[in-house]
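Read through the structure below, which is laid out as structure tokens, and then see the notes.
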Amino acid sequence: MRRPARLAAAAFAALALSSAARAEERPRTLSAFVTFGQSFGERERHGFAEFGSIALVGGTFVSRRTELLIEAHPLFLVRQPRIPPEGPRETVEAFALDVGVRWFPAPLSWRARPYVEVLEGPFYALRRVPATGSTFNFLTQAGLGAILPLGEGWHPYVSWRWVHVSNAGTGHHNPDWDFSSLILGASVAVGRSR
């Protein structure tokens with residue numbers, strides 16, 4: 001092997017080892033949760049809606065207090081008026097993919113870990129959501145919660161979120177749903193312990 005090739009191979013190996021070491025230094029989490037909620041505001045125009053969803057979340061800590069998230073909702077059900085505000089009701093199936101950030105403001109010595117979080121991403125429904133809106137929307141979420149100091153590997157958590165579904169002006173009309181929601185889930189660390 002010639003000298004430049006050896007140097008390139010050594011540089012590549014050093015880079016790979018450095019990346020692997022950095023990846024090991026960053027704890028990762030996997031979570032699963034169920035969420036459900038009810039709409040609030042503007043019932044005269046849109047009526048009343050409810051939703052329920054299951055979700056899977058992957059997280060990577062970028063600091064001791066900050067976690068980046070990717071959240072998949074493979075099943076998101078919206079129960080809404082087919083003809084707003086008080087027409088017959090329908091259940092619309094949808095799915096969504098959000099990215100976001102979770103911040104843990106409390107001292108690291110606390111056993112319970114309160115947090116605040118913000119997420120955003122695309123939302124696609126099989127029929128229009130709301131009924132006068134569009135099938136393609138955005139799912140915006142903001143909330144607060146706490147990871148509870150229970151369990152050995154998996155740690156339960158509870159969260160409240162404001163959930164906003166709208167097409168952000170990309171459709172002909174831009175009605176929206178605003179939901180108040182509760183999350184019940186569990187999280188497990190899959191990287192080095194924090």
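The values are calculated or read from the model by the stated rules, or taken from the named source; none is laboratory data. This one's a predicted model, so the numbers in the text were calculated from it and none came from an experiment. Cβ: placed from backbone, ideal geometry, glycine included. Neighbour counts: every protein chain shown.
Screening the stretch 118-172 for residues that are of a type in the set (Ser, Thr, Tyr) and farther than 20 Å from residue 67 by Cα and picking the one that is farthest from the chain's Cα centre (by Cα) gives 132. Here 73, 46 are screened, and the one residue that is surrounded by 12 or more Cβ atoms within 10 Å (Cβ to Cβ), modelled with pLDDT under 85 and either closer than 21 Å to residue 139 by Cα or under 15 Å from the mean Cα position of the chain (by Cα) (or both) is 46. Residues that are in contact with a strand residue (DSSP E or B) (Cβ under 9 Å, 6 or more places away or on another chain) and among the basic types (Lys, Arg) within the stretch 81-138 comprise 82, 89, 102, 113, 127, 128, listed in sequence order.
Of note, residue 162 does not satisfy the criterion of being at pLDDT below 95 and part of a strand (DSSP E or B). The condition (being in contact (Cβ under 8 Å) with a residue 12 or more places away in the chain, in contact with a helix residue (DSSP H, G or I) (Cβ under 6 Å, 6 or more places away or on another chain) and not β-branched (Val, Ile, Thr)) is satisfied by just one residue among 149, 130, 122: 130.
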